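What follows is one structure encoded as structure tokens, with my remarks underneath.
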Amino acid sequence: MNLICEKLNIKFPIIQGGMGNVSNAELASAISNAGGLGTIGAGTMSPEEVEDLIIATKGMTEKPFAVNVPLTVASDVKEILRLLIKHKVEVVSLSAGNPAPYIAKLKENGLKVICVVASVYHAQKAEAAGADMLVAEGYEAAGLNSPYETTTMVLLPQVSRSVAIPVIAAGGIADGSGLAAAFALGAQGVQMGTRFIATKEAPFHDIYKTSLVEADDTKTLIVGRSTGKIRRIYDTPYAQKLIQLEKNGVEPQEFLAHTSEDHHILGAVKGDLENGFINSGQIAGAINDVPSVKDLLETMMKEAQETVSMLNKRLI
């Protein structure tokens, strides 16, 4: 049996990435109910808001789901982690910071711990600290990104060879061939964010979904290099405003205000692309439909198997 499926008690080795303050119970529960691992993100929400989201998700699924906690931006890491223990959330995903101080306590209370990493060094440190599994996230991914700018195809095999625990690939994956490629490079599963936006159950604005379906391979860009807060987003009028702010020498704190979760919600939920941004991975150009989550996962598994079969024929 696949190690990720066995450890997380899921049917398919496909998990949802954290989506910050636009996380919602509807999409996370749909993914878990369909056999993957749904994820809700703590983002910068208050502990009370995170607790409400946990309760709502539990009300929509009896399957395991995860909560992603971005350690350097979450409002109150210790209180949020306490809530995960209180509500017996099965899986916690730790990202954007040092997970070492928190892993032992979470595992003592029966939670599985996934750590998101972008380098071999951090992968080894997370493993040494007790992580159950890792997400190796490449530079193609949406949202906040690593300053290393290492692509998934380069990062994944190096991380996989450097640790003994299971590795999940993230960044640039949206279909069965991507799933098969991730396994070929050493992964035991994949994490997706952008692809799950363009699904029927995702309660995001239609403008967001349509933008992804209509995207080509050049429709994402990087902002924040000048401030040290690198983020991959969709090329929109607001994205161009952010680029101009950087050209004008914007101060880091001012830039953070312009890329806050409030502006993320304006774009993703309200569809206001003049005053808000939408995250998007480079894989957007490969998305051309809006299926149900169930159909997406089942199609991906079928495509992955067909891809492996085709490769076997090519290699013989």
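If you go through the stretch 15-44 and keep only what is without any contact (Cβ under 8 Å) to a residue 60 or more places away in the chain and touching a helix residue (DSSP H, G or I) at 6+ places or on another chain (Cβ under 7 Å), you end up with S23, A25, A28, S29, L37, G38, T39, I40, G41, A42. If you go through the stretch 230-272 and pick out every residue that is among the aliphatic types (A, V, I, L, M) and not in a helix (DSSP H, G or I), you end up with 4.
Checking G172, G138, G186 one by one, the residue that is within 16 Å of A284 (Cβ to Cβ), free of Cβ contacts under 8 Å to residues at least 40 places away in the same chain, in the same structural domain as K125 (by TED's automatic domain parsing) and in contact with a helix residue (DSSP H, G or I) (Cβ under 7 Å, 6 or more places away or on another chain) is G138 and no other. Within the stretch 214-225, one or more residues are surrounded by fewer than 15 Cβ atoms within 10 Å (Cβ to Cβ), out of contact with any helix residue (DSSP H, G or I) (no Cβ under 7 Å at 6 or more places or on another chain) and farther than 14 Å from L144 by Cα.
Take L3 and tell me if it is surrounded by 18 or more Cβ atoms within 10 Å (Cβ to Cβ), outside the structural domain of A257 (by TED's automatic domain parsing), among the aliphatic types (A, V, I, L, M) and in contact (Cβ under 8 Å) with a residue 24 or more places away in the chain. No: the conditions fail for L3. Of all the listed residues (T236, T210), the sole one being at pLDDT 95 or above and either surrounded by fewer than 20 Cβ atoms within 10 Å (Cβ to Cβ) or under 17 Å from the mean Cα position of the chain (by Cα) (or both) is T210. Would you check if there is a residue in the stretch 48-62 being crowded, with 24+ Cβ neighbours inside 10 Å, within 29 Å of D175 (Cβ to Cβ), of a type outside the set (S, T, N, Q) and more than 13 Å from the chain's Cα centre (by Cα)? No, the stretch 48-62 has no match at all.
The values are calculated or read from the model by the stated rules, or taken from the named source; none is laboratory data. Source: prediction; values computed, not measured. Virtual Cβ from ideal backbone geometry, glycine too; neighbours counted across all protein chains shown.
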